[in-house]
Every structure is written in structure tokens, then in C-alpha cells.
Amino acid sequence: MRIEITDKKDCCGCAACSNICSQQCVDMKQDSEGFSYPVIDTDKCTGCEACIRVCPIKDADKNQNLTAQIDTDAYACINQDEDMRMKSSSGGMFALFAQKILSAKGTVYGAAFTSDASVSHVRIEKERDLWKILGSKYVQSNTASIYRQVKKDLDTGAKVLFSGTPCQCAGLKKYLAKDYKNLYLIDFICHGVPSPAVWEEYVRALELRSGFRRDSQNVPSFRDKTKGWIHFMIKIPFQNAAPYHQKFGQDLYMRTFLKNISLRPSCYKCRCKPSTNISDITLGDFWGIKKCLPEMFDDKGTSAILIHSPKGKALFQKVADRTKARQVTYGLIAKHNASLYRSVQMPPMRKFFFGRFRKDNILDLMRKCTRENWVKRCIKALLSYVQK
């Protein structure tokens, strides 16, 4: 037997099956929507079933019955290094954890933009390279072969910090097949992962519209804080031209993402929520902080932190003196972060979007799929007026 995907919602694309195959006969290949799924070279396959055993989706029921409040310490945190905080998506806490591991001659793994603007997991061993994996990447990252590199580092006894989506962390744990005391897993509150192909088409369309090439020497930012953390912007640098700079609510890519149109099928029924038995620490934005803890709000970013294990607690304590922190309840974080415990719903427009994807102009298609009709706009305007 070998792994076989009969329903695409049952594959999160973590690539654990590709990493584990000793015959290297499992390739992750994009489908028409741009999401990667395992494809087996049957001539090489020996039928060992390693690819089946490593799949984290098979253990999904363990996560579904958990309540994330169990043994979870919760905090609102701010990195006191202002520069590092401004380079980060929220409060800059991931940077502190990564710096601590790197200072102990460990390695850190995270998602980074490549020269062609795609996103892949990379290995960092020097603090000067930390910038590559800071900030949110609203694209599913490529993890092909990365778990093998993690295992090599762990087997040397070095400390390793791996950051990724809950399903990527779950895939790594299944691949390793045992607990490593020197491994620290950090996931984040995940809304869902958009198609890499949609992102590539979007960037290409912006290049055609502007008449300039994207600047491959400078990376895009999905969470630029020029106008603040709450009203963040997307920024894409171009060669010999001003960068593309747009508010997230007006940017077509972000609108398509936030309306759940461009997400992977498995994200609509995520099998790794909550991630309390997967990661050591969960990070996210502390939305709602302005009202519940105004002293922790300055519109530069505040992190929500959930600590699930003794290892996670020990790591947090090692960096606590470099933070401004307030202990809170799990419920306070969950109140404004439904993605912590609940999957988003699949919108009816998704089928139309991917049915026309690669056929229509991507910008026109995104505009059509995210346009609100006049009735909804009137209701929203009325509610806004009433609430003033």
C-alpha cells in the first residue's frame, strides 16, 4: 500500500510523506489550483507504507476533542527592541525566541521568500539572516526535504527551533517519530494557507500593470506597519520604481485571502485545531488589545502567546526580561482570534474563483469575487453610523 489522496480536504500539504520516503518516490506536485499533493512514482515504490504512517491527518481525532485551555499559560507581549518589533508582524516575540536559540549555537527554521517571490522553509544559523524568516507570509510554504535537515541538526544535539503552521509542525513531529528535548516547536494562529500559484499570478499581474519588474533583492511584506499595526499594508518592491503599497482591506490579494476564497481545501476543516498537543508555543496577533489592555497598545504590534509545554515555558522565561508582558486568560485571546479553535467556512465563490483561475485576468477575477453588492454596502454603512 501507499498513500493515496481520494479527497483533497484530507491532505494539508505538509510534505511529511515526501520527506520520509527512503526511495524518494514521493513528489509534491501542484494541482490546477496551485496546491501541492503527493504523487507516487509506482516504479520506485516498495510498498513500505512509511508515507501512510507519517501522515498527521491520521492522528487528527486527537486534536478535535481537546480544549486549548488545558495547561495553557497565556500572555500579551511586546518585544522591547523597537526595531525588531517593527520588522515583525505583531509584537516581535518570535524574533526573541529565535535569537535565544541562535545564541546557543542552535538552528532556526521558518518560512522565507525566495528570489522568485515564492515561499519556502529555510534553515538559519546566524542572527544576521534572521530577517529572512520574520513576518507573516500569506502563502503556503514549501517544506520539501526540510524535515530531513531538521532531523540532522537534532541528532547532533544542537537546539532547533522550527516554526510553521500547526499542520507543518504536526507533520514534523510524525516524521521524527520521537520526542527530542532539543526541539522547540512554534506554530501560529492560522487563518488558512492561500495557493502559491495565486500569489505568483498576482505578482505577475502587478508587474504587467505597472510595467516594472519586481525587485528580487528586496522581499515583499504582507504586514507593513507604515500606517500602523491595526491598519497594516501590503508592500511589494519594484525595480526602478516606487513599491506597490496598499492597505490590506483594499489590496485584492489580501481581500481574496481574508474572504477565504484562495485557501487550501483542508483549511476549511482543519484537523490540527487546537494545536495544544502539537507545539510548545503558539503565537498570534493580540487583536482586541486596545480595549482589554490599553496599556499594552500603541499600534506597533502586540503578540498573543499561548504556552503548551514545560519546554515552551522555559524558553519564554529565558526571554521574559526583554519583553513587556501581561498574563491573561486563554479566553481573552480566543475572543478575537476564532481561528485559534475554529476553521473558516468555505465561501460559495471559491468554486467560481478556481474555475476561472488561469483563464481570466487574475486582478479582474479577484475584484469580481470580492466585490460586495450594494445591499451589503448599505447595511454596513448603516451599522457603522448607528455604532458611532
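The values are calculated or read from the model by the stated rules, or taken from the named source; none is laboratory data. Note that the structure is a prediction, hence the values are computed from the model and not measured. No Cβ is skipped: glycine too gets one built from the backbone with ideal geometry, and neighbour counts run over all protein chains shown. These area figures cover heavy atoms from the full protein model, side chains too; ligands, DNA and RNA do not enter into them. Shrake-Rupley method; radii C 1.70, N 1.55, O 1.52, S 1.80 Å.
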Exercise for the section: Can you tell me the relative contact order of the chain? Whole percent, Cα pairs under 8 Å, sequence separation 6 or more. Expected result: 22 percent
Fill in the blank from the handout: Rounded to a whole %, the carbon-and-sulfur portion of the accessible area of the chain at a 1.4 Å probe is 50 percent
Practice task
Send over a whole-number figure in Å² for the accessible area per residue of the chain, probe 1.4 Å.
Solution key: 49 Å²
Exercise for the section: Could you list, in their original order, any pairs among Lys9/Lys87; Lys126/Lys178; Lys100/Lys291; Lys9/Lys44; Lys132/Lys311; Lys259/Lys359 whose Cα atoms are separated by more than 23 Å? Expected result: Lys9/Lys87; Lys126/Lys178; Lys100/Lys291; Lys9/Lys44; Lys132/Lys311
Completion exercise
Sequence order, segment 314-323: Karplus ³J(HN,Hα) from phi using 6.51 cos²θ - 1.76 cosθ + 1.60, θ = phi - 60°, Hz rounded, Gly and Pro as x, gives 5, 5, 4, 5, 6, 10, 4, 6, 9, 10
Handout entry: Within the chain, helix-based [θ] at 222 nm, where runs of 4 or more DSSP H residues each add -39,500 (n - 2.57), nearest 500
Key = -9000 deg cm²/dmol
Fill in the blank from the handout: Connecting every pair of Cα atoms under 10 Å apart in the chain and solving the GNM, the largest mean-square fluctuation among Arg123, Arg356, Arg223 falls on Arg356
Exercise for the section: Give the residue from Gly249, Asn19, Ile57 lying farthest towards the positive end of the charge dipole for the chain; charges sit on Cβ (+1 for Lys and Arg, -1 for Asp and Glu) and the dipole is referred to the Cα centre. Expected result: Gly249
Completion exercise
Toy charge model, Lys and Arg Cβ at +1, Asp and Glu Cβ at -1: the chain dipole around Cα centroid in debye, rounded to 20, equals 840 debye
Fill in the blank from the handout: Quarter of the surface of the C-alpha convex hull for the chain, i.e. direction-averaged projected area in nm², equals 20.2 nm²
